[in-house]
Amino acid sequence: MEYRVCLVLVFVALITKEAMAAQHVVGGSQGWEESTDFSSWASGQKFKVGDQLVFKYTSGLHSVVELGGESAYKSCGLGTALNSMNTGNDVVKLNKPGTRYFACGTLGHCGQGMKVKITVESGTAPSTPESPSSSSSPAASSASAMHSYFATFVLLTALVATSLLYMF
């Protein structure tokens, strides 16, 4: 009996952690485009372990390259790439605390400012994708609200499941 309760609680904890993670569309409603001010966008975000970055752009026009460090970021040194993506809808999971660096791999774009520095904090508190004062679309606000409703649903389901296990 206690074994089942522990299994349910572990399962619920895992689901809740995923439900609380945020998806950050890099650049907000503008996406991964040359005209976006990525420093301003990133400064209005709070990135936590477990969150995801979503790079949305026109495939063939842009790409996403993860750079190896601060010096490569500052100099747009694409030769130190850790990873390169080009689907137009690339997702990067933020799986540990620290700083990560991304740039567009298209010749000249990084030098024109198409790069972003992301600082990931440890912890389990919910992240803040798209603050209301940033260029957020109604869809982004709706998605954030759905995360909250889903997390509440998962917690209520866990309580009901645990109660049922104690009854039998």
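The values are calculated or read from the model by the stated rules, or taken from the named source; none is laboratory data. Here the structure is a predicted model, which means the values were calculated and not measured. All Cβ positions, glycine included, derive from the backbone under ideal geometry; neighbour counts span all protein chains shown. Please note that ligands, DNA and RNA were not included when accessible areas were found on the heavy atoms of the full protein model with its side chains. Shrake-Rupley method; radii C 1.70, N 1.55, O 1.52, S 1.80 Å.
General remarks:
- Taking residues in the stretch 42-68 that are under 12 Å from Val120 (Cα atoms), and partners anywhere that are surrounded by fewer than 17 Cβ atoms within 10 Å (Cβ to Cβ) and of a type in the set (Asp, Glu), the pairs with Cβ atoms closer than 6 Å and at least 6 places apart or on different chains are Lys48/Glu121.
- Hits in the stretch 40-58 (condition: open to solvent by 20 Å² or more (accessible area, probe 1.4 Å) and of a type in the set (Asp, Glu)): none
- Considering residues of the stretch 19-39 that are open to solvent by less than 50 Å² (accessible area, probe 1.4 Å) and not in a loop (DSSP other than H, G, I, E, B) only, the residue modelled with the lowest pLDDT: Ala19
- All positions within the stretch 106-126 that are in contact with a helix residue (DSSP H, G or I) (Cβ under 8 Å, 6 or more places away or on another chain), crowded, with 17+ Cβ neighbours inside 10 Å and either hydroxyl-bearing (Ser, Thr, Tyr) or modelled with pLDDT of 95 or more (or both): Cys110, Met114, Lys115, Val116, Lys117, Ile118
- Within the stretch 59-84, being modelled with pLDDT of 95 or more, under 21 Å from Ser29 (Cα atoms) and surrounded by fewer than 18 Cβ atoms within 10 Å (Cβ to Cβ) holds for one residue alone: Leu61.
- Contacts under 9 angstrom Cβ, first residue in the stretch 92-121 being in a strand (DSSP E or B), partner among the acidic types (Asp, Glu) and open to solvent by 30 Å² or more (accessible area, probe 1.4 Å), 6 or more apart: Thr99/Glu70; Tyr101/Glu70; Lys117/Glu70
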